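Before any comments, here is the structure.
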Amino acid sequence: MTTEGFRPTHVVPQHGMPAWEEPDPARVTVPLDPLLPVRLVERRGDWAQVLCSNGWSAWVDGRHLVSVPQDPPATGGPQDRTADPRPLLARAEQTLARYRAAVEERARDGLDGESFHGRTRGLRIGVVVDGENMWLYDGEQGRWVYGDGTRLSTCATDDEPRAATARPGHAPTQVVTPDGP
């Protein structure tokens, strides 16, 4: 059942994703289904609290959420910006050209399966263009970036989630057992 007025900002990646009750790896809950529409509610470092269309909420690794392309991805803070999208676009074009050349040679029966595998090993690109919006995978940096035609902003990375930085003057919460700290 979908909550009335629900508008997703993201979808879960195609293979689903783990979810937690709190932004704490020890509080695991039911994983989210592949391509489930969700709305980003809050960010804490790499953690993201999402609201599902049925009203259920969970915490996930926000860097792996896939943005719904109506709006550029929001990170809740200053974005890591790259001055010029052209070098990354050129690398994507070169990678695609290398892959296409291998496909062409394979189609002409000039390349067997093992050779094709060898020529394409390590090639990795991702490009989504929707009008003025563009998402590119930067394999050298292990991140997805959003482009607005002039600049790139990091919107997801391949790294493991990091804890949010503690607020100044606020010590981290500490678990205390009856036997002592």
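The values are calculated or read from the model by the stated rules, or taken from the named source; none is laboratory data. Since the structure is predicted, the reported quantities are computational estimates derived from the model, not experimental observations. In this analysis, Cβ positions are derived from the backbone assuming ideal geometry, glycine residues included, and neighbour counts consider all displayed protein chains. For the accessible areas, the whole protein counts, side chains as well, though only heavy atoms, and no ligand, DNA or RNA atoms are used. Shrake-Rupley method; radii C 1.70, N 1.55, O 1.52, S 1.80 Å.
Here 91, 98, 119, 106 are screened, and the one residue that is open to solvent by less than 80 Å² (accessible area, probe 1.4 Å), among the charged types (D, E, K, R) and either assigned to a helix (DSSP H, G or I) or under 18 Å from residue 66 (Cβ atoms) (or both) is 91.
Taking strands (runs of 3 or more DSSP E) that fall entirely within the stretch 1-55, which contain at least 2 residues that are β-branched (Val, Ile, Thr) and more than 23 Å from residue 143 (Cα to Cα)? Break it down into steps so the answer makes sense when it comes.
Working: elements: 17-20, 28-32, 37-44, 47-52.
Qualifying strands (runs of 3 or more DSSP E): 28-32.
Counting residues in the stretch 62-73 that are at pLDDT 90 or above and assigned to a loop (DSSP other than H, G, I, E, B) gives one or more. Scanning the stretch 122-135 for residues that are in contact (Cβ under 8 Å) with a residue 12 or more places away in the chain and closer than 23 Å to residue 67 by Cα yields 124, 125, 126, 127, 128, 130, 132, 133, 134, 135. Here the stretch 34-55 is the region considered, the condition is being surrounded by fewer than 18 Cβ atoms within 10 Å (Cβ to Cβ) and at pLDDT 90 or above, and the residue that is farthest from residue 8 (Cα to Cα) is 44.
Where residues in the stretch 114-161 are acidic (Asp, Glu) and within 16 Å of the chain's Cα centre (by Cα), which of them is modelled with the lowest pLDDT? So that I can check it myself, show each step before the final result.
First, pick out the residues of the stretch 114-161 that are acidic (Asp, Glu): 114, 130, 132, 138, 140, 148, 158-160.
When the remaining residues are screened for being within 16 Å of the chain's Cα centre (by Cα), the result is 138, 140, 158-160.
Working: 138: 84, 140: 83, 158: 69, 159: 67, 160: 61.
Looking at the filtered set, the residue picked out is 160.
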